[in-house]
Amino acid sequence: MSRIVYVLNGPNLNLLGKRQPAIYGYETLADVEADCRRTGAELGLEIEFHQSNAEFMIIDWIHEARERAAGIVINPAAFTHTSVAILDALNACEFPIIEVHISNVHRREPFRHHSYVSSVASGVIAGFGTQGYTLALQRLARLIGEAGKTAQAS
Ligand code: DQA
């Protein structure tokens, strides 16, 4: 069974650490990637880490993941609140998906309260800062492990 996990990041997250640090903190996306790789190694997961400001890139990576991965951790950033296309791509995947937001979107502007992605996510993590990514990987490892056991049993 695949142990590959895609960690996908949407628009403006390349500016992490510099952009609105009072909301998103001072850790950079490179720091987040390093955290994910460290946690992935501990959990026996192979991490494919990507960021793009372009919606079609995120969709193409979801299609790629669909063919070879065991799960996705996704912070769709602003596309969370706008993208039916990303929802459709995720709906074509049969593995667990965890949605991550660095900030607590529910205590921010009302337009951030709705997520297209949540309806397809196994779980949602919001407001745990960048630690949310490693928490998501821990949960995903558990879900992938459980799916593996079911597959072996049947
Ligand atoms: C975000 C929250 C979104 O509303 C926002 O557009 C982002 C980042 C977060 O990680 O808190 O760019 O997804």
Considering only the other residues whose Cβ falls under 12 Å of the Cβ of Arg68, what net charge follows from Lys and Arg at +1 and Asp and Glu at -1? -2
Per the C-alpha gyration tensor (a ≥ b ≥ c, the square roots of its eigenvalues), the chain is rounded if a/c is under 1.5, else prolate if a/b beats b/c, else oblate; here it's prolate
Which loop trypsin sites (Lys or Arg not before Pro) in the range 16-59, with loop taken from DSSP, have no more than 16 other Cβ atoms within 10 angstrom of their Cβ? Lys18, Arg19
With a 1.4 Å probe and all protein chains kept in place, how much accessible area does Asp88 have, in Å² rounded to the nearest 10? 90 Å²
If one builds a Gaussian network model of the chain from Cα atoms under 10 Å apart, the most fluctuating residue listed among Leu43, Leu140, Leu90 is Leu43
Each label sits 7 Å from Cα toward the beta-carbon; between Asn14 and Ala78 the label points are separated, in nm, by 1.4 nm
For the chain, find the longest principal axis of its Cα atoms and tell me its angle to the long axis of helix 55-68, 0 to 90°, nearest 10. 20 degrees
Using a 1.4 angstrom probe on heavy atoms only, work out the carbon and sulfur share of the accessible area of the range 52-122 in %. 50 percent
Using a 7 Å offset from the Cα along the Cα-to-Cβ direction at both Ala41 and Phe56, what is the distance between the two label points in nm, to one decimal? 3.7 nm
At 0.36 nm per residue, and after removing the present C-alpha to C-alpha distance, how many nm does the segment from Phe111 to Glu146 gain when stretched out fully? 9.1 nm
What spacing in nm lies between the two simple spin-label points modelled at Leu135 and Ile23, each 7 Å away from Cα in the Cβ direction? 1.9 nm
Kindly report, to the nearest 10 Å², the accessible surface of Ile102 as traced by a 1.4 Å probe over protein heavy atoms only. 10 Å²
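The values are calculated or read from the model by the stated rules, or taken from the named source; none is laboratory data. Keep in mind the model is a prediction, meaning the values are calculated, not measured. Please note: Cβ atoms are built from the backbone with ideal geometry, for glycine as well, and neighbour counts cover all protein chains shown. Side chains included, ligands, DNA and RNA excluded: accessible areas come from the protein's heavy atoms. Shrake-Rupley method; radii C 1.70, N 1.55, O 1.52, S 1.80 Å.
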